[in-house]
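Here the structure is laid out as structure tokens; the discussion comes afterwards.
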Amino acid sequence: MNIIAIFKGLATTFGYMFRRKATIDYPFVKRAHAPRFHGLHELRRYDDGMERCIGCELCQIACPANAITVVGGENTPEDRHSPGERYAFRYEIDELRCIFCGMCEEACPTDAITLTPRFEMSNYTRSSLIYDKSKLLVPAEYGVGEAPHERPGGIPADLGEVARTKSTMNPERGYLATWRGIDILTSKGKTYMPTPAGGELVREPERLKGGE
Amino acid sequence: MIDALPLWLLVAIKSLVLLIIVITLFAYTMLAERKVLAYMQLRVGPNKVGPWGLLQPAADAVKMIFKEDLTPSTADPLIYRLAPFIAVFTALLAYAVIPFSQGEHGPWSIANVNAGILFVFAITSMGVYGISLAGWASGSKYPLLGSVRATAQMISYELAMTMSVIGVILQASTTSLSGIVEAQSRLWFIVPQCLGFLIYIITAVAETNRVPFDLVEAESELVAGFHTEYSGLRFGLFFIAEYINMITVSCLATLLFLGGWNGPGAAGHPLLGLLYFVIKVFAFLFFYIWLRGTLPRLRYDRLMAFGWKVLLPLATLNLLVTAIVVALWY
Ligand code: SF4
Ligand code: SF4
């Protein structure tokens with residue numbers, strides 16, 4: 001055994017104790033991700049509030065992980081969801097199967113399904129990670145959703161704080177991590193979970209932006 | 001007032017206090033280990049439970065207690081359940097005789113035995129029963145391999161360890177732990193017995209099955225070695241035993257080689273002596289963790305070869321030279 005090498009090793013590890021640590025104190029400090037990071041999906045709308053999705057099932061076919069289930073339905077003049085003939089009667093993505101590759105986004109002829117950079121989706125049950133239309137579709141009050149190339153820096157407005165801070169972000173400014181199903185608001189080091197009350201607005205983007 | 005108490009009550013109180021101290025020390029040694037390892041690997045370690053992660057041991061304890069206690073269907077149920085208790089019991093028993101400081105009425109220990117060092121070695125070598133029985137009774141392959149290794153490793157390193165300690169006993173010409181510390185009031189035995197000290201710390205690491213001699217657990221080869229099948233509180237007991245053994249060998253190293261509670265101004269000030277003792281023990285514990293953060297695990301045959309072909313002859317040589325010197329000059 002090489003005794004010198006052992007002492008060299010001991011000196012190295014001792015020295016490392018006083019180096020700057022690489023750890024980011026995650027739930028409290030968040031690291032900015034790449035601008036076009038692929039995370040949770042959203043189904044976008046047209047400016048007039050119509051759903052973009054026409055239920056063509058191309059995303060379902062393109063998906064390499066078989067994560068998407070689309071069941072198309074016919075639009076009728078009384079019950080119109082999208083401008084075309086058909087709309088997505090059911091639209092489900094199993095976020096546990098999804099590999100966040102973005103093939104669905106590429107396949108979609110109407111730019112309906114897009115991937116946002118939201119990544120905090122952990123939950124306690126598998127079934128809660130099957131996101132259906134109620135979680136995926138941008139609620140009408142929130143606007144139309146943003147195409148990736150339209151996002152400022154590629155980040156949707158509610159993640160803007162992350163984008164503005166270069167490497168880490170101070171959560172005291174507050175931002176929503178996941179907001180299709182459950183809203184998780186990080187603010188002043190605490191996490192609030194407002195309960196979604198039947199289609200009501202549970203989040204005020206203006207307050208978040210202005211209340212810093 | 002203390003003298004008025006019946007002996008059994010006094011001993012019971014002392015034991016209880018010491019038990020609480022040792023268990024707390026175990027908990028924080030574990031936390032310190034996680035922290036120091038993390039710092040050496042550019043991480044920060046546990047920092048969420050309590051300030052600076054200081055309540056992490058409590059959280060771990062709660063977790064351990066509430067986990068399911070599984071017994072494999074192939075296991076020998078009685079021995080399987082008993083083994084962790086043997087491990088902890090033998091680990092704790094050593095503290096019956098370890099003195100921590102010198103007061104007016106004798107050393108601060110539960111019992112001041114005149115063959116203390118022999119008692120400690122007799123008891124701690126029983127600890128291997130806990131490990132080998134655990135592995136054998138689990139009725140599964142990895143634990144069995146782990147316990148076979150444990151038996152072989154602990155027996156081979158025990159020899160060299162005892163040899164290195166006999167040198168100290170010869171020089172102090174007493175087997176009482178407090179007597180050995182008194183014999184070092186002028187010169188710590190680390191100086192005349194430097195070879196013995198080196199052998200002692202190496203074998204001590206092996207005896208407590210710690211990196212780089214943790215062949216018994218060897219995650220990458222044996223899953224978790226002898227305690228692969230254990231879960232919940234019984235697993236926790238093995239954990240306690242391992243760390244308490246680590247503290248025991250650190251205490252022994254302090255007593256035998258680093259002058260125990262001796263230090264500048266310690267004579268006549270038991271508390272100062274206790275402080276010196278604790279500082280020395282902590283230095284050893286840090287060294288242990290430091291080693292774990294630095295060295296990779298040895299290969300099994302190398303471990304055996306090192307024990308039998310290097311450490312044992314060196315220890316014997318050390319013993320011979322000590323014996324000759326003591327016989328001629330003392
Ligand atoms: S991102 Fe990829 S894996 Fe996920 S739903 Fe879209 S196509 Fe399927
Ligand atoms: S999301 Fe796009 S690709 Fe998928 S069904 Fe709707 S329109 Fe077709």
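Quick look at the numbers
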read-out	value
Under the span-like rule (Cα at least 27 Å along the axis, Kyte-Doolittle mean at least -0.5), DSSP H helices of chain B	B:7-40, B:116-137, B:141-172, B:232-257, B:270-294
Area buried, chain B against chain A - accessible surface, total, 1.4 angstrom probe, square angstrom	1400
Above-threshold pairs, the threshold being 31 Å between Cα atoms, out of A:K8/B:K63; B:K35/B:K63; A:K8/B:K309; A:K8/B:K35	A:K8/B:K63
For the range B:184-330: rounded, prolate or oblate by the Cα gyration tensor [a/c cutoff 1.5]	oblate
Lys, Arg +1 and Asp, Glu -1 on Cβ, resulting dipole of the range B:68-329 about Cα centre, debye, nearest 20	480
Dipole axis of the range B:1-66 (+1 Lys, Arg; -1 Asp, Glu on Cβ), positive-most option in B:M40, B:P57, B:I13	B:M40
Estimated Rh, the range B:1-66: Kirkwood, alpha-carbon pairs, angstrom	14.1
Other-chain or far-sequence residues with amide H under 5 Å of B:T208's (modelled H)	none
Sulfur and carbon atoms: percent of accessible area, chain B [1.4 Å]	73
Solvent accessible area, Å² - B:W308, 1.4 Å probe, full protein context	110
Square roots of five times the Cα gyration tensor eigenvalues for chain B, Å	32, 25, 20
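The values are calculated or read from the model by the stated rules, or taken from the named source; none is laboratory data. Only a predicted model underlies this, so the values are computations on that prediction, with no experimental measurement involved. So basically every Cβ, Gly included, is an ideal-geometry build from the backbone, and we count neighbours across all protein chains shown. When the accessible area is computed, the model is the full protein with side chains, heavy atoms only, and any ligands, DNA or RNA have been set aside. Shrake-Rupley method; radii C 1.70, N 1.55, O 1.52, S 1.80 Å.
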